[in-house]
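The values are calculated or read from the model by the stated rules, or taken from the named source; none is laboratory data. Keep in mind that what you see is a predicted model, and the values were worked out from it rather than measured. Backbone-built Cβ (ideal geometry, glycine too); neighbour counts: all protein chains shown. The accessibility values were calculated without ligands, DNA or RNA, using every heavy atom of the protein model including side chains. Shrake-Rupley method; radii C 1.70, N 1.55, O 1.52, S 1.80 Å.
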Amino acid sequence: MATDFKSIPIIDISPLVAKCDDPKRVQDPDVLEVVGQLDQACREAGFFYVKGHGIPDSLIKDVKNVTRKFFDLPYEEKLKIKLSAVAGYRGYQRIGENITKGIPDMHEAIDCYREITPGMYGALGKIIEGVNQWPHDPPYFRVLMEEYISFCTDLSRKIMRGIALALGGSADEFEGERAGDAFWVLRVIGYPVVSNTNGQNAPENDIGCGAHTDYGLVTLVNQDDGITALQVRNLSGEWISAPPIPGTFVCNIGDMLKIWSNGMYDSTLHRVINTSPKYRVCVAYFYEPNFDAAVEPLDICKEKTGGIKKFGKAVYGEHLASKLETNFV
Ligand SMILES: N=C(N)NCCCC[C@H](N)C(=O)O
Ligand SMILES: O=C(O)CCC(=O)C(=O)O
Ligand SMILES: [Fe+2]
């Protein structure tokens, strides 16, 4: 559980980005400072902004622009890449098709997943087998998103090296069999304008995305400029806004990191309510463990939290499958 945080901290991770692969990083005071800030943010909120991340601002803007262009297309055009179970849950979902805790979400989206070859994970991977369904319009959509995914994967790996140090482990704790072949998810999302004007008391059918936790390790949220819609729940149950801050990503912890850290870090509940008079776009990148990773509390974390494992073993692919099976109408 998070604490009663009232705002979400901003961390300049540039020293970590520059030096996380340098063997002398643990003697570097700037890297250690970042590691300390990550530890505090992960314990207190499970959410933080990252700046100094090194991803070109032009690319961050372009992916939002191309997202807006896609959602502007007529519905029939978007349906050409319709998500379905046979397509491995990849593709376009209309407004209200995604469901959170039984309630339809007021968003439309394209879901993309790391591609896997048929049979790669046997029966475990069957549910997600398929190729991504990219729109043909705008024509550069795929190239741009693939470039973006590659930057996000690289950055997430660096953040996880910092988090590994923050947990008291070695920098490569989340590499190899754990997340050395990280499964990624990209959600290209659009939130229509809703009628309600009071975000605190929005009726159910005004919620862009209902309260949920993310599934994996860390998420990088690239949100629309000028619209405050993302809200994060603190320990007392207050919803704390995470307004867009130019040049930053909102970064948050997923369910698998909660298990690996034995609850030292938690996956914090969050939701989206777009009460602005403008259609809101968001591109969320999820960095997740290896698809077949067996996840259980790390010994170093168990020792730091009273010596008892708070969670049993989970398999990431099974966790994702259980979500996919209940996420759609
Ligand atoms: N891959 C992630 N995290 N997707 C976020 C979607 C959250 C909403 C989903 N219906 C749910 O209930 O989980
Ligand atoms: O739209 C946002 O700001 C966040 C979306 C989100 O939480 C998700 O897709 O998991
Ligand atoms: Fe989320």
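What angle do you read, to the nearest 10 degrees and between 0 and 90, between the alpha-carbon axis of helix 316-327 and the longest principal axis of the chain? Once rounded, one gets 30 degrees. Between TYR140 and GLU76, the contour length at 0.36 nm per residue exceeds the alpha carbon distance by 21.1 nm.
Site pair GLU115 and SER241 shows an inter-label distance of 4.1 nm when each label is modelled 7 Å from Cα along Cα→Cβ. 3J(HN,Hα) couplings calculated from phi for segment 176-191 with the Karplus curve 6.51 cos²θ - 1.76 cosθ + 1.60 (θ = phi - 60°) are, in sequence order, x, 5, 7, 8, x, 10, 3, 7, 10, 10, 10, 10, 9, 10, x, 10 Hz; Gly and Pro show x. Shown in residue order for segment 209-214 are the 3J(HN,Hα) couplings computed by the Karplus curve 6.51 cos²θ - 1.76 cosθ + 1.60 at θ = phi - 60°: 8, x, 4, 7, 10, 7 Hz (x for Gly and Pro).
Test of understanding: extend the Cα→C-beta vector of LYS126 to 7 Å, then name every residue of segment 288-320 with backbone N under 20 Å from that spot. Output list for this probe position: 291-293, 315-320.
Mind running the shape call on segment 221-329? Use the C-alpha gyration tensor, a ≥ b ≥ c as the square roots of the eigenvalues: rounded below 1.5 for a/c, prolate if a/b tops b/c, oblate otherwise. It is prolate, given that a/c is not under 1.5 and a/b is the larger ratio.
Accessible surface calculations at 1.4 Å, restricted to protein heavy atoms, place the chain at 41 Å² per residue.
Mean separation of Cα pairs under 8 Å and 6 or more residues apart, divided by the residue count, gives segment 234-329 a relative contact order of 26 percent. Between the helical axis of 141-166 and the dominant principal axis of the chain, each derived from Cα atoms, what acute angle in degrees is found, rounded to the nearest 10? Approximately 30 degrees, to the nearest 10.
Of the solvent-accessible surface of segment 74-220, computed with a 1.4 Å probe and all protein chains present, 55% belongs to carbon and sulfur.
For the listed residue pairs LYS101/LYS126; LYS101/LYS304; LYS6/LYS51; LYS69/LYS126, the alpha carbons are over 27 angstrom apart in LYS101/LYS304; LYS69/LYS126. Would you please classify the overall shape of segment 141-274 from the alpha carbon gyration tensor, given that a ≥ b ≥ c denote the square roots of the eigenvalues, rounded means a/c under 1.5, and beyond that prolate means a/b larger than b/c while oblate covers the rest? Oblate shape, in that a/c is at least 1.5 and b/c is the bigger or equal ratio. The trypsin sites (Lys or Arg not before Pro) of segment 248-281 that meet both conditions, a loop assignment by DSSP and at most 15 other Cβ atoms within 10 Å of the site Cβ, are LYS278. Rounded, prolate or oblate: which fits segment 70-162, taking a ≥ b ≥ c as square roots of the Cα gyration tensor eigenvalues, rounded meaning a/c under 1.5, else prolate when a/b beats b/c? Rounded.
Pair-distance distribution P(r) for segment 26-123, from all Cα-Cα distances in 5 Å bins starting at 0: 2, 9, 12, 13, 13, 14, 15, 11, 6, 3, 1, 0 percent. Measuring nothing but how far apart in sequence close Cα pairs (under 8 Å, 6+ apart) lie, relative to its length, segment 1-137 scores a relative contact order of 19 percent.
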